[in-house]
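Read the structure below first, then the notes.
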């Protein structure tokens with residue numbers, strides 16, 4: 001990640017959905033620190049933002065009320081809208097909970113996205129819309145399946161289906177109604193703000209807890225897995241670069257290389273003086289098909305590339321998680 005933020009250009013007022021999540025928090029922090037105005041757009045009925053969040057200007061929206069959103073867009077006249085809100089699968093196995101999970105995913109990822117796109121098209125067509133899509137729109141077919149912006153969309157999950165639908169809807173409105181911006185197809189990206197349901201944060205929390213005696217062991221499903229991982233700070237820089245540019249296209253945002261899960265374990269446990277092999281159990285240890293993103297388009301268009309080593313990301317996460325344990 002660069003040491004300055006000249007790439008923000010003329011971005012001044014930026015409306016952010018999903019601002020309490022990892023990417024929204026990091027983006028709003030950069031904008032706020034550079035004297036720009038990030039505004040959080042939250043869904044009514046959801047938890048309030050944490051008190052230490054960099055955004056102080058929040059609006060709460062009933063996602064069925066498009067007229068309210070149109071009035072808001074007309075009032076604040078944002079330079080860009082970062083649509084980062086998404087509902088992921090939970091870890092539940094209860095059939096009733098799974099049905100509710102799917103309903104929330106369809107509502108948030110599709111209905112809410114459609115309302116946002118239509119409101120921008122009607123009330124703020126000059127605003128650039130940058131929406132977070134996902135590598136889960138694709139299914140790996142071999143050990144290393146390389147993906148670019150022209151790869152065939154083949155979702156591997158309901159989450160991927162909802163993301164693909166939103167990407168295609170935005171593409172339609174960009175071509176037919178001159179909506180500006182596009183989708184960023186995000187691969188795995190990590191930071192201290194990643195929820196524990198993601199494996200990198202599971203590892204960092206376990207390394208911190210085991211090193212302090214608060215936990216005995218960590219059990220993972222398959223330590224032979226690999227993925228395209230990079231730093232969330234780098235990914236957020238990519239999102240902001242695209243928002244500040246004049247590029248109206250979709251972009252892969254990824255490291256472009258594979259990282260074995262064992263490398264994340266090495267990085268996390270070694271920074272607390274431990275060998276992960278002494279503390280980690282795995283049900284399986286074999287390679288599986290995985291995706292690698294090709295970031296050539298964004299490198300050429302915006303001069304972006306992933307530069308932060310995953311070893312540094314994991315070390316920061318473990319240090320942060322140890323501090324949280326000490327504060328308990």
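The values are calculated or read from the model by the stated rules, or taken from the named source; none is laboratory data. Because the structure is a prediction, the values reported are computed rather than measured. Cβ atoms come from the backbone with ideal geometry, glycine included; neighbour counts cover every protein chain shown.
Worth pointing out:
- Wholly within segment 1-87, strands (runs of 3 or more DSSP E) carrying at least 2 residues that are under 27 Å from residue 317 (Cα atoms), at pLDDT 90 or above and touching a strand residue (DSSP E or B) at 6+ places or on another chain (Cβ under 9 Å): 13-17, 37-43, 80-83
- Residues satisfying the stated conditions in segment 123-141, i.e. in a helix (DSSP H, G or I) and within 19 Å of residue 39 (Cβ to Cβ): 123
- Every residue from segment 162-202 that is part of a strand (DSSP E or B) and surrounded by fewer than 24 Cβ atoms within 10 Å (Cβ to Cβ): 180, 182, 188
- Subset of segment 122-148 [surrounded by fewer than 17 Cβ atoms within 10 Å (Cβ to Cβ) and touching a helix residue (DSSP H, G or I) at 6+ places or on another chain (Cβ under 6 Å)]: 122
- Lone qualifier among 221, 205 - being more than 17 Å from the chain's Cα centre (by Cα), closer than 30 Å to residue 319 by Cβ, surrounded by fewer than 20 Cβ atoms within 10 Å (Cβ to Cβ) and modelled with pLDDT of 95 or more: 221
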